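Worksheet: one structure, shown below.
Coordinate-derived values only; no laboratory data. Keep in mind that what you see is a predicted model, and the values were worked out from it rather than measured. Counting neighbours? That spans all protein chains shown, and the Cβs are built from the backbone with ideal geometry, glycine included.
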Amino acid sequence: MANETDRIEQEIAKAREELAGTLDQLVDRANPQRLADDAKVKAVALVSTPPVKYSLVGVGVLVALVVVRKIFR
């Protein structure tokens, strides 16, 4: 009976350690600063791709031309 109790206590201790590890991982994944940093890295990577980069440059040039045209009219 004592042997059974010791085994159950060891299983409970092991389960607590695993649960604590899982909780630590969830806290790390849900960290708002880390989520913001990940989103920033993904956005910069997307904007750095040639199709998006050149499209943004084209839109910027178009907006600049429209503003200059409005100023001189």
- Query: V63 to L26: extension gain in nm, 0.36 nm per residue of separation minus the Cα-Cα distance?
  - Reply: 8.9 nm
- Message: Using Stokes-Einstein with the Kirkwood hydrodynamic radius over Cα pairs, what translational diffusion coefficient do you get for the chain at 20 °C and a viscosity of 1.002 mPa s, in µm²/s rounded to a whole number?
- Response: 121
- Item | Dipole moment magnitude, nearest 20 debye, the chain about Cα centre, only Lys, Arg, Asp, Glu C-beta charged | 1360
- Please give the FRET efficiency for A15 paired with D38, using the beta carbon to beta carbon distance and R0 = 25 Å, rounded to the nearest 0.05. 0.25
- Could you go through region 57-73 in sequence order and give the Karplus-derived ³J(HN,Hα) for each residue, using 6.51 cos²θ - 1.76 cosθ + 1.60 with θ = phi - 60°, rounded to whole Hz, and x for Gly and Pro? 5, x, 5, x, 5, 4, 4, 4, 5, 5, 5, 4, 5, 5, 5, 8, 9
